[in-house]
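The values are calculated or read from the model by the stated rules, or taken from the named source; none is laboratory data. No experiment lies behind these values; they were computed from the predicted model shown. Quick reminder, even Gly has a Cβ in these numbers, built from the backbone with ideal geometry, and neighbours come from all protein chains shown.
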2 protein chains.
Amino acid sequence: MDHLHDDVDDIQDAWLRERPDTPVGSIGVITRIWRIAKLLDDDRRRTMARLGMDTATRDLLATLRRAGAPYALPVQEIARRCAVTSGAISQRVRRAEGQDLVTRRKSDDDGRGVVVGLTPRGHDLIERTVDDLLHHEETLLSALGTEQREELSKLLRLLHTDLQRRVPPAGG
Amino acid sequence: MDHLHDDVDDIQDAWLRERPDTPVGSIGVITRIWRIAKLLDDDRRRTMARLGMDTATRDLLATLRRAGAPYALPVQEIARRCAVTSGAISQRVRRAEGQDLVTRRKSDDDGRGVVVGLTPRGHDLIERTVDDLLHHEETLLSALGTEQREELSKLLRLLHTDLQRRVPPAGG
DNA sequence: CGTATATCGTTTAGTGCTAAAGGAGTTTTC
DNA sequence: GAAAACTCCTTTAGCACTAAACGATATACG
């Protein structure tokens, strides 16, 4: 039996009290996902600040590193993989370029296209950061046992897949 | 039959391929929560824009409305309930005050304190908005059956409760 | 072919957050 | 009961995003 109770239960109860006919069923999932995402975001921002980085740059470098050699992708593809607009990537790249972490070059195939690649400095930096972060985030989930984590992943995957169909991505 | 596969599986597989010794176990939960939160955020922003509102103002008005009569709370308490800094609330209140949706008055008990209350206009606006939004968000979860939704809520509540202990709230 | 349409990346305006600093009022302590 | 410490709210600087507008190239079509 879980006698666990959180702020989100309060929110749901409050709407039920104030407006008994309003459907409150989505709150338990949606508001909790929001709140957890915010806590994780705040935590990651601080962790990155401690390492002299920021979350946006980390996301950019990690995406390029993960792509495998030669650690380069077109802007459009980075935007898709990071789930932000191409304008956001443009800004991220400009910032990272100024710190010599990435380079831009025109695409060979397409005169409009720009390919962004990791510099050695950028490669180094992400290499030194990614393990730290993933170890740390492992501990953030220690409230959940292996089985609970798998069950949670499975349900979130189902919801994520469906929402991607339902909600148009942030335009490009 | 979970032959389901999403972008997050790709991210996890890519790290495993590129750095076999890095612990990737947290990705399936944390990255998915992030992505889902972003999709929900984008969707809510658009829904609110369509209704001539914005998500920050909605959050403020909803918090006051939910508190019940007389629909007024001190800034500090709003910040806690909305899980943002008091500086953010200060800005939200200033914007909403300009549209005659809320009022500020000095607290009787504490010369430092400020109490923010809904105006009739603010009450009206949130009343007209909240049902629409909750009905809409109900449909966003329709990929999940009743039982899955309850299981998901339960696991998220467990994680949320634990993270609130672990991660310091955004100061303020 | 040449014009219309679409796509790619960038830029800009607008929004909204955190963190940190500051002014004002309150509580604690000796 | 005065000084120190704390709390409350606001303000500011800095970051980062979306949406929309804009040039530049690429593709499609009659």
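When only residues in segment A:83-123 that are away from chain B (no Cβ under 14 Å), of a type in the set (A, V, I, L, M) and within 11 Å of DNA strand D (Cβ to nearest atom) count, which is farthest from the chain's Cα centre (by Cα)?
Result: A:114.
Is segment B:44-53 home to any residue that is within 11 Å of DNA strand D (Cβ to nearest atom) and under 15 Å from residue A:31 (Cα atoms)?
Of segment B:44-53, the ones within 11 Å of DNA strand D (Cβ to nearest atom) are B:44-50.
Okay, now just the ones that are also under 15 Å from residue A:31 (Cα atoms), so B:44-45.
Taking every residue of segment B:44-53 in turn, at least one turns out to be within 11 Å of DNA strand D (Cβ to nearest atom) and under 15 Å from residue A:31 (Cα atoms).
Can you name the condition, by its number, that residue B:14 falls short on among (1) free of Cβ contacts under 8 Å to residues at least 12 places away in the same chain; (2) part of a helix (DSSP H, G or I); (3) under 24 Å from residue B:137 (Cβ atoms); (4) out of contact with any Asp or Glu (no Cβ under 7 Å at 6 or more places or on another chain)?
Of everything listed in (1) free of Cβ contacts under 8 Å to residues at least 12 places away in the same chain; (2) part of a helix (DSSP H, G or I); (3) under 24 Å from residue B:137 (Cβ atoms); (4) out of contact with any Asp or Glu (no Cβ under 7 Å at 6 or more places or on another chain), residue B:14 misses just condition (3).
Quick one: which residue in B:93, B:75, B:84 is in contact with a Ser or Thr (Cβ under 9 Å, 6 or more places away or on another chain), within 15 Å of DNA strand C (Cβ to nearest atom) and β-branched (Val, Ile, Thr)?
On the way: B:93 fails: in contact with a Ser or Thr (Cβ under 9 Å, 6 or more places away or on another chain); B:84 fails: in contact with a Ser or Thr (Cβ under 9 Å, 6 or more places away or on another chain).
One residue alone meets the criteria, B:75.
Does any residue of segment B:59-71 turn out to be at the interface with another protein chain (Cβ under 8 Å from one of its Cβ atoms) and in a loop (DSSP other than H, G, I, E, B)?
Within segment B:59-71, the subset at the interface with another protein chain (Cβ under 8 Å from one of its Cβ atoms) is B:65-68.
From what's left, in a loop (DSSP other than H, G, I, E, B): B:67-68.
Yes, segment B:59-71 contains a residue that is at the interface with another protein chain (Cβ under 8 Å from one of its Cβ atoms) and in a loop (DSSP other than H, G, I, E, B).
For segment B:66-82, give me each residue that is near DNA strand D (Cβ under 10 Å from one of its atoms) and either farther than 22 Å from residue B:168 by Cβ or charged (D, E, K, R) (or both).
Within segment B:66-82, B:73, B:77, B:80 meet the criteria.
Count, please, the residues in segment B:116-126 that happen to be surrounded by 16 or more Cβ atoms within 10 Å (Cβ to Cβ) and not small (Gly, Ala, Ser). Break it down into steps so the answer makes sense when it comes.
Filtering segment B:116-126 for residues surrounded by 16 or more Cβ atoms within 10 Å (Cβ to Cβ) gives B:116-119, B:122-123, B:125-126.
After this cut, where a residue has to be not small (Gly, Ala, Ser) as well, the list is B:116, B:118-119, B:123, B:125-126.
Residues in segment B:116-126 being surrounded by 16 or more Cβ atoms within 10 Å (Cβ to Cβ) and not small (Gly, Ala, Ser): 6 in total.
Search segment A:94-115 for residues being assigned to a loop (DSSP other than H, G, I, E, B) and of a type outside the set (S, T, N, Q), and hand back the single one that is surrounded by the most Cβ atoms within 10 Å (Cβ to Cβ). Write out each step before concluding.
Going residue by residue through segment A:94-115, those that are assigned to a loop (DSSP other than H, G, I, E, B) are A:99-101, A:107-113.
Still in the list and also of a type outside the set (S, T, N, Q): A:100-101, A:108-113.
Working: A:100: 12, A:101: 23, A:108: 8, A:109: 9, A:110: 11, A:111: 7, A:112: 10, A:113: 14.
By that ranking, first place goes to A:101.
Given the criterion over 23 Å from residue A:52 (Cβ atoms), assigned to a helix (DSSP H, G or I) and among the polar types (S, T, N, Q), identify the matching residue among A:76, A:91.
Numbers: A:91 fails: over 23 Å from residue A:52 (Cβ atoms).
Just a single option satisfies the conditions, and that option is A:76.
Exactly one condition in (1) within 14 Å of the chain's Cα centre (by Cα); (2) more than 10 Å from DNA strand C (Cβ to nearest atom); (3) touching a residue at least 40 places away in the same chain (Cβ under 8 Å) is not met by residue A:43; state its number.
Of everything listed in (1) within 14 Å of the chain's Cα centre (by Cα); (2) more than 10 Å from DNA strand C (Cβ to nearest atom); (3) touching a residue at least 40 places away in the same chain (Cβ under 8 Å), residue A:43 misses just condition (2).
Out of curiosity, is residue B:145 over 20 Å from the mean Cα position of the chain (by Cα) and under 30 Å from residue A:158 (Cα atoms)? Before you say what the answer is, go through the steps one by one.
Working: over 20 Å from the mean Cα position of the chain (by Cα): yes; under 30 Å from residue A:158 (Cα atoms): yes.
Spelling it out, residue B:145 is indeed over 20 Å from the mean Cα position of the chain (by Cα) and under 30 Å from residue A:158 (Cα atoms).
Condition check: more than 12 Å from DNA strand D (Cβ to nearest atom), assigned by TED's automatic domain parsing to the domain that holds residue A:139 and modelled with pLDDT of 95 or more. Does residue A:63 satisfy that?
On the way: more than 12 Å from DNA strand D (Cβ to nearest atom): no; assigned by TED's automatic domain parsing to the domain that holds residue A:139: yes; modelled with pLDDT of 95 or more: yes.
When the stated conditions are applied, residue A:63 does not pass them.
Residue by residue through segment B:127-172, note down the ones that are buried (at least 18 other Cβ atoms within 10 Å of the Cβ), more than 7 Å from chain A (Cβ to nearest Cβ) and farther than 19 Å from residue A:166 by Cβ.
Passing the criteria: only B:129.
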